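Presented below is the structure to which this report refers.
The values are calculated or read from the model by the stated rules, or taken from the named source; none is laboratory data. Owing to the predicted nature of the structure, the values given are computational and were not obtained by experimental measurement. All Cβ positions, even for glycine, are placed from backbone atoms using ideal geometry, and neighbour counts span all protein chains on display. Note: areas computed on protein heavy atoms with side chains; ligands, DNA, RNA excluded. Shrake-Rupley method; radii C 1.70, N 1.55, O 1.52, S 1.80 Å.
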Amino acid sequence: MKKPSWDAWATGKSAGMILLMLPVLAVVAFVAQILEALYYAAVCVFYVITSPYWITRTVWRALRPVRTAEHAVRRTEAREAISSTVKGCGCVLAGLAIPAAIIVVVALANH
């Protein structure tokens, strides 16, 4: 989406008209922020509700017996998804563990 251009909007308008429009623009921007927050809240609720289904489905596909070639492909994809998720979580935990260890060492040194 193209960002709005303030210069293009203000062209041909007097300073008084621009000053009169500022409260209207502020209200529109405020409403837009509320709508955006509601949208992201709805997306968050959707993923929180549906994530157990997707997790269970992926684990089932990774562990179920292979009967067809399609099952084998799905099993491989599920195992790759689980592997990449575990690696990502490991990176996040390592990234959190290092600052936590530094904080503990500094706290113990100052105690």
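Of the helices (runs of 4 or more DSSP H) lying entirely inside the chain, the ones with 1 or more residues being modelled with pLDDT of 95 or more and charged (D, E, K, R) are found at 15-63, 69-110. Among residues of region 15-29 that are within 17 Å of Ser5 (Cα to Cα), those with a Cβ under 7 angstrom from a residue that is open to solvent by less than 70 Å² (accessible area, probe 1.4 Å) and in a helix (DSSP H, G or I), sequence gap 6+ or separate chain, pair up as Ile18/Ala10.
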